[in-house]
Amino acid sequence: MTLTIRPLHPVIGGEVDGVDLRQPLSEDDVAAINAGMDRFAVLVFPGQELTDEQQVAFSRHLGELEMPGAVSNITKPKDRRLPPELADVSNLTKDHKVFERDDRTRMFNLGNRLWHSDSSFRAVPSKYSILSARLIPVAGGNTEFADMRAGYDALDDDMKAEIADLVCEHSLIHSRGLLGFDELSEEELANFKPVLQSLVRTHPVTGRKSLYLSSHAGTIVGWPVPEARSLLRDLIEDATRPEFVYVHKWRLHDLVMWDNRQTMHRVRRFADTTEKRDMRRTTIAGDTPTVAQQVA
Ligand code: OGA
Ligand code: MN
């Protein structure tokens, strides 16, 4: 089998054929996937029916796993439905029932409907996310991906100069607060302490610059908060214009992988209090902070 990639959209996204992710990958396959990620930023692998173990084994080919846990969600270990390596992006309880409308975890997870980059609230943010569709709703629940390289390229030179060295504070406290979810315990507030991230990133392989935006970004260091938030809102709005967005309509057993360093994503609404959507994510850890120094 030869791995091939066909573009899905003019600027972002490719579909991968000719590889069985249940089998150990050759070095050539791994190299082709990484090169595809560098170019397309989002790769879709259709028809990959994986177990959790197979998803983890495949993911390990691409780097060290970032473990979900108390710094990234409010789920207590005793309430977890999935093995520790997998982020549970479903709308399901441990007993495989849909969350009640006012369930606290549901409220928290609704933050995924805002444009974001995974783990931008961690001091060392993630590299890739790998999402496997195990159950999908009959309607809605698309995932949209915006190309932050295109977002950067579209800025005028004055704006590029103004933002070149800006640093933002990112926290789950901010993104959840945007939806009015602010009932966090002392322990959660401590886990979600803001971290610093550069607003402009340079891809280590291609050298392309991109906007590092996320709904987790609550302010810009040294700026008045309202001025920072208004700029961040404008940048997000401009960078997520339809020409820069690939809309993924899920098929059962799709596996979709994206580069969090060059994209944002969001999930769209579906009937989540009646229909099941079981999505499971492995995450490849990043290797460096985006700012030289994390200030305490
Ligand atoms: C994620 C995420 C969106 C979705 O897995 O990080 O935001 O479509 N998922 O469920
Ligand atoms: Mn996400």
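The values are calculated or read from the model by the stated rules, or taken from the named source; none is laboratory data. These numbers were taken from a predicted model, which means no experiment stands behind them. Cβ sites come from the backbone with ideal geometry, for glycine too, and all protein chains shown count toward neighbours. Quick note on the areas: whole protein, heavy atoms, side chains included, nothing else; ligands and nucleic acids left out. Shrake-Rupley method; radii C 1.70, N 1.55, O 1.52, S 1.80 Å.
Can you work out the accessible area per residue across the chain, with the rest of the protein chains kept in place, probe 1.4 Å, in square angstrom? Display every interim value, and only then the final one.
Values: 13980 Å² over 296 residues.
Accessible area per residue: 47 Å².
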| task | Compute the length gained on full extension between Gln293 and Thr2: take 0.36 nm times their separation in residues and subtract their Cα-Cα distance, giving the result in nm to one decimal. | result | 100.4 nm
| query | From the residues Leu8, Leu232, Val98, which one has its Cα farthest along the dipole of the chain in the positive direction, the dipole being from +1 and -1 charges on Cβ of Lys/Arg and Asp/Glu about the Cα centre? | reply | Val98
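For Val124 and His253 in one chain, what is 0.36 nm times their gap in residues minus the Cα-Cα distance, to one decimal in nm?
Numbers: separation 129, 0.36 × 129 = 46.44 nm, distance 2.99 nm.
Length difference between fully extended and current span is 43.5 nm.
Round to a whole number: what % of the accessible area of segment 253-292 belongs to carbon and sulfur, probe 1.4 Å?
Values: 610 of 1430 Å².
Percent of accessible area from carbon and sulfur atoms in segment 253-292: 43.
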| task | Take every Cα-Cα distance within segment 82-181, group them into 5 Å bins from 0 onward, and report for each bin the whole-number percent of pairs it holds. | result | 2, 8, 15, 20, 20, 15, 8, 5, 4, 1, 0
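Tally Lys and Arg at +1 and Asp and Glu at -1 over the other residues with C-beta under 12 Å from the C-beta of Leu82: what net charge comes out? Mind showing how you got there, number by number?
Working: positive: Arg80, Arg81, Lys94, Arg134, Arg280, Arg281; negative: Asp52, Glu53, Asp79, Glu85, Asp88, Asp278.
Taking every Cβ under 12 Å from that of Leu82, the sum is 0.
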| query | At a 1.4 Å probe radius, carbon and sulfur cover how many percent of the accessible area of segment 149-208? | reply | 48
| Between Glu227 and Asp156, what length in nm is gained on full extension when 0.36 nm per residue of separation is reduced by their alpha carbon distance? | 23.6 nm
| Could you give the radius of gyration (one decimal) and Dmax (whole number) of the Cα atoms in segment 29-160, in Å? | 16.8, 54
| At Glu243 and Ala285, where each label point lies 7 Å from the Cα along Cα→Cβ, what is the point-to-point distance in nanometres? | 4.0
| If r is the Cβ-Cβ distance from Glu186 to Lys78 and R0 is 22 Å, what FRET efficiency results, to the nearest 0.05? | 0.65
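Expressed as cubic angstrom per residue, what is the convex hull volume of the alpha carbon set of segment 4-284? Write out the running numbers ahead of the final one.
Values: hull volume 35.0 nm³, N = 281.
Hull volume normalised by residue count: 124 Å³.
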| Spin-label point model (7 Å from Cα, Cβ direction): what's the Ala271 to His203 distance in nm? | 4.0
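In this model, which of Lys97/Lys249; Lys127/Lys193; Lys127/Lys160; Lys193/Lys249; Lys160/Lys249; Lys209/Lys276 are farther than 28 Å apart at the alpha-carbon?
From Lys97/Lys249; Lys127/Lys193; Lys127/Lys160; Lys193/Lys249; Lys160/Lys249; Lys209/Lys276, over 28 Å: Lys193/Lys249; Lys160/Lys249; Lys209/Lys276.
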